[in-house]
Each structure stands twice: as structure tokens, then as C-alpha cells.
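Colleague: Structure below; questions to follow.
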Amino acid sequence: MKNAAKWMGPGKPPAVILFMAALLPLLIACAAAVPVVTEYAIDFAEDLLTSASDNYSPDYAEDLKELLTILVAETKTPTETAYPGQAATLTTPLALDVAVLVQRASDGRLSDPVPIDDGATLYSDPNDPAAGDKLKISFRANCDCFVYVIAVDGTGFLVPVFPDFESIDPNPVQAHQLYIVPQADEWYGLDAYTGIEEIYFVASFTRRPELERSIKRLAAQKRRLRPDYRPVREAAIVPPTRGLVKVKTGQPATVQAQSGETHDYTPTSFLATAKGADLVITRWFHHKEMAP
């Protein structure tokens, strides 16, 4: 006790109290940014996780469950943690214009690009991967922010769409700039693995390192799938109470078809529930084989 009294000094408050007093504001700020996990983490994705476990491994399913848990966690960016010049932006809720565009294949031709609604059916040709429907993904934010786009196919396998983590990181994205993946006249084709597929969009005022780590860990896995795989049968939709308050028509945009021609389309605009809150959007579709 003598040593403790000497360390505190006569007439001074205990050093540990001074330390905690200085630390308290930091703890409060950190607590405001910590995700709060809800009960939705398992319920809304049970079928998807079952497919991921059966098709790959229980460990892979656990990693996917961790990512989905991050998606449903309530997150909010405190003004003091925003990067320079961004604090004023936090006074306006996040908004993201989103579209999943498709060129439908028929008789060896592709239709003009059009946005699809959730639950639409897209087709692949198991005998010719180049002959099926084609996809593009677009988004546009109302402010500078960090955007992550993740696709999970009909087997429960995850693929990062934006950023791809192999090129220069484009985050944060610029306000009101249209981003289309893949670019120019390139389009995604559908592989032979059918089932329900999801595309998750995450927009955040700050970088999400825990989400990046989870995506990278899953993306590093190699696909080893047996012919009798279990397809995803139910859409794993992040509950609409998480991150959304309003859905409306977005600003018109232009996309380039595989032919090189440009076409106009109108995306859907999603708005966050509150100032500083992250925005999480689920888009999904049925992936089936073309009839012979």
C-alpha cells in the first residue's frame, strides 16, 4: 500500500481514475460504432447455410454465417470517426441506387438490357456457358462512402463483386458516380450450378475492416463441388427492417450491351433508416437450366 500511495502522489486522484476518465470518451465513441447482432443472423439464412455446409464443409458454412451476422448487425458511424471532410455528410441518410441488369438469351440472341425484380428467373445453358443469360450490376451512392457488393451462388459459394480485392481498392466511392460491374461491354455469364442466388450491397460511411476480412477469407476458398450438390432453395434476404426505410425510383442511367450499343434504364433507390446508419440491400433471383 505504501508503494501505491507513493504512485498516486499526495492530494492527487488515483492514476487509474485519471486514465479511465481520459479513456471514457474513446470507449463511448467505439461503442457507438460496434455492430449489434440481432436474432435474424440464423433464421433468415438457414437454408443457405445448410447448402454451404453440405456442398463445401461445416467450416465454410461457419465462415459464411459470420459474414451474414456482420450484415445483419446494426451499425452506425459516429461523426467523430468519419474521415476528413465527411462529417457534414453524416447529416443526410445514405442512399444507394441499385440495379441487377440482364440480357436474356433466346434463339442465339440477347435482349436489350433491363433491370430485374427480386425473384426473377434467369437461365443458363449447361452445354454452353456462353449461351445463357448475361448479368451486370450497377450502383450509385448519394455521398462519398464505402460500398461492398457480394454474390452468393446457388450452391452457397461466395464471390466478391466490388471491390474484387485483386486490383487497386476503389473505396470510398465517389458521390453520384455510376459504378457498373463488369465495365464497358463485358457481362457476367451464368455457370452450370443452379439454385437461388443472392447479391448483397453494403454501403457505409466508414471502412468495414471486419467485413473485408470475412469476405477475403471466404474468397480464398477453392470450389470443390460434387455433381450431386444441394442447391439453395430459399432466398437469404437480410430483413428489410435492417437498414431500409424507403424504396423509390432511382435516377436514370445508361448501360452498354454486349453489342456495344447503349441503353437507358432506371435503377431502384434504397434509403437508410437514420443518419449515420449503414445500408444493407439484398437482391436475389432463381437460376435455372434452359429447357432442352
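The values are calculated or read from the model by the stated rules, or taken from the named source; none is laboratory data. Note that this is a predicted model, so its numbers are computed, not measured. Cβ coordinates were reconstructed from backbone atoms using ideal geometry, including for glycine residues, and neighbour counts include every protein chain displayed. Note: areas computed on protein heavy atoms with side chains; ligands, DNA, RNA excluded. Shrake-Rupley method; radii C 1.70, N 1.55, O 1.52, S 1.80 Å.
Colleague: Restricted to segment 202-239, and to residues that are out of contact with any helix residue (DSSP H, G or I) (no Cβ under 7 Å at 6 or more places or on another chain) and open to solvent by 90 Å² or more (accessible area, probe 1.4 Å), which residue is modelled with the lowest pLDDT?
Modeller: Among those residues, the one meeting the criterion is 226.
Colleague: Does residue 112 satisfy being modelled with pLDDT of 95 or more, of a type in the set (Asp, Glu), open to solvent by 10 Å² or more (accessible area, probe 1.4 Å) and under 28 Å from residue 217 (Cβ atoms)?
Modeller: In short, no.
Colleague: I've got another one for you. Please note which strands (runs of 3 or more DSSP E) are completely contained in segment 185-292 and include at least 1 residues that are over 16 Å from residue 115 (Cα atoms).
Modeller: Answer list for segment 185-292: 195-204, 246-249, 268-271, 279-289.
Colleague: Let me ask another. Out of segment 115-152, which residues are in a loop (DSSP other than H, G, I, E, B) and either open to solvent by 20 Å² or more (accessible area, probe 1.4 Å) or within 15 Å of residue 256 (Cα to Cα) (or both)?
Modeller: Answer for segment 115-152, where residues must be in a loop (DSSP other than H, G, I, E, B) and either open to solvent by 20 Å² or more (accessible area, probe 1.4 Å) or within 15 Å of residue 256 (Cα to Cα) (or both): 117, 118, 119, 125, 126, 127, 128, 142, 144.
Colleague: Of these, 275, 246, which one is open to solvent by 90 Å² or more (accessible area, probe 1.4 Å), in contact (Cβ under 8 Å) with a residue 60 or more places away in the chain and over 27 Å from residue 187 (Cβ atoms)?
Modeller: None of the other options fit; the residue is 275.
Colleague: Would you please list the contacts, defined by Cβ atoms under 6 Å and residues six or more apart or on different chains, that run from a residue in segment 149-177 that is farther than 19 Å from residue 205 by Cα and hydroxyl-bearing (Ser, Thr, Tyr) to a residue that is at pLDDT 95 or above and not in a strand (DSSP E or B)?
Modeller: From segment 149-177, the pairs are 155/55; 155/229.
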